[in-house]
1. For every helix of n ≥ 4 consecutive DSSP H residues, a contribution of -39,500 (n - 2.57) applies; sum these over the chain, divide by its total residues, and give [θ] at 222 nm rounded to the nearest 500 deg cm²/dmol.
2. By how many nm would the segment from H24 to A138 lengthen if fully extended, with 0.36 nm per residue of separation less the alpha-carbon distance?
3. Please list the non-local residues whose amide H lies under 5 Å from the amide H of V170, H modeled 1.01 Å from N, same-chain partners needing a gap of 5 or more.
4. Pairs of lysines 8 or more apart, or on different chains, with alpha carbons under 23 Å: count those in the chain, would you?
5. Which value in nm describes the separation of the simple spin-label points at H49 and S318, placed 7 Å from the Cα toward the beta carbon?
6. From Cα coordinates alone, what are the radius of gyration and Dmax values for the stretch 197-312 in angstrom?
7. Pick from V77, V171, V20: which residue has the top mean-square fluctuation in a GNM of the chain where Cα pairs under 10 Å get a spring?
8. Given a 10 angstrom Cα cut-off, can you work out which residue in H120, H273, H57 is the most mobile in a GNM of the chain?
Amino acid sequence: MRVLVTGGSGFIGSNFIRYVLTEHPDDRIVNLDKLTYAGNPANLADFEHDARYAFVHGDIADAELVGDVARGVDAIVNFAAPSHVDRSILDADEFLRTNVLGVRVLLDAVRTLGVPRLLHVSTDEVYGSIATGAATEASPLRPSNPYSAAKAGGDLLALAYWNTHGVPVVVTRSSNNFGPYQYPEKLIPLFITNALESQPLPVYGDGLQVRDWIYVLDNCAAIDLVLRAGRDGEVYNIAGGHEVANATVTREILRWLGKPESLIQMVADRPGHDRRYALDATKLARLGWAPRYPFASALESTVRWYREHDAWWRPLKSGDFRAYYARQYGRR
Ligand code: NAD
Ligand code: DAU
């Protein structure tokens, strides 16, 4: 299979490319990535000289470029997106541009070139906060921050292109990923790297918000399965099945690192902070998928990965990065 992966230099995309080239040694991948602050060529340094892998620097909103790189591929898998909720609260512009208009460019290319499949990677955040139970693929979309609203826009546009033009799309909506190569602005890598440096761990609000965590390789396996076996026009939820409060994750990270709980710093809450996400992934289970990585051991190995790869994350934790958080979420 020849696959165009967009946004493949980020966290999940780079794990996905490594997963596919390992599980399907005959596949070929072209990675189109804009290399924003979150895109990092170092994430795929091991494939630099692999004939099965090629990198193209560019933007999914560039219709001419997308037309060139998408020609003749068997499928496109779209990871490209600004992905951090806090940044979307500061400025939504890039979120709308890539997550809605960029997706439109991909859809038009698939339509014009007759690409057999587009897998669009969406998120559980499109369902919004859920007090009890779990969202199924038929649940209403109630995104409640600029990031998730933009993701819902791209997600719905993809399904509208299927309905209107018969463009062959499948959409995945997964819960919170964690694992190697995640930019140290998201909860788990931020807290691991802060703890390693004996810096405070800024827990928003009361810390009792609940997320469902999935190890990134479980998500990659699910996306790969949907890519090859999913039905056109369908949405598939991908759930880790491990719901836990932020305060609990925080304490577990400190415990794995042998660091004191005095590093925990309760700070002002994220505006519009969603209380809980939860997904029903029965539909995906029917395709034959189940998560393989238990949360506790996957978190332990993730902590170990960051401990052993400080050359990867230290350059990312620049002065700017610290200043950004200090400005937004200073001490209460
Ligand atoms: P990330 O921020 O680590 O990586 C995003 C990648 O997209 C980067 O390499 C960046 O350079 C690239 N990119 C951004 N804008 C681009 C553009 N206009 N053109 C080309 N490339 C562009 O994100 P991630 O955590 O790996 O998330 C990947 C996808 O999965 C996103 O669509 C996100 O919404 C979705 N998702 C993430 C999670 C999670 O927990 N991280 C959960 C569910 C869904
Ligand atoms: O649910 C899927 C989504 O998960 C993805 O679509 C997003 O791309 C991804 O960023 C993630 O969004 P969250 O907002 O859930 O992830 P984040 O790591 O930013 O925050 C996780 C929880 O931890 C959330 O309740 C906010 C809280 N938090 C986060 C940070 C960065 C803190 O308490 N302190 C922090 O410093």
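The values are calculated or read from the model by the stated rules, or taken from the named source; none is laboratory data. In this text, all values refer to a predicted model and were calculated from it rather than measured experimentally. With ideal geometry, Cβ positions are generated from the backbone for all residues, glycine too; neighbour counts draw on all protein chains shown. Side chains are part of the model used for accessible areas, which takes the heavy atoms of the whole protein and leaves out ligands, DNA and RNA. Shrake-Rupley method; radii C 1.70, N 1.55, O 1.52, S 1.80 Å.
1. My calculation for the chain gives -11500 deg cm²/dmol from helical runs alone.
2. On the way: separation 114, 0.36 × 114 = 41.04 nm, distance 3.20 nm.
Separation in residues times 0.36 nm, less the Cα-Cα distance, equals 37.8 nm.
3. The list, which skips near neighbours in sequence, is L118, L119, H120, G233.
4. Numbers: K34/K151; K34/K186; K34/K317; K151/K186; K151/K283; K186/K259; K186/K317; K259/K317.
Lysine pairs meeting the criterion: 8.
5. With each label placed 7 Å out from Cα toward Cβ, I get 3.0 nm.
6. So, for the stretch 197-312, Rg and Dmax equal 16.8, 51 Å respectively.
7. Largest GNM mean-square fluctuation: V20.
8. Per the Cα network of the chain with a 10 Å cutoff, H57 tops the list.
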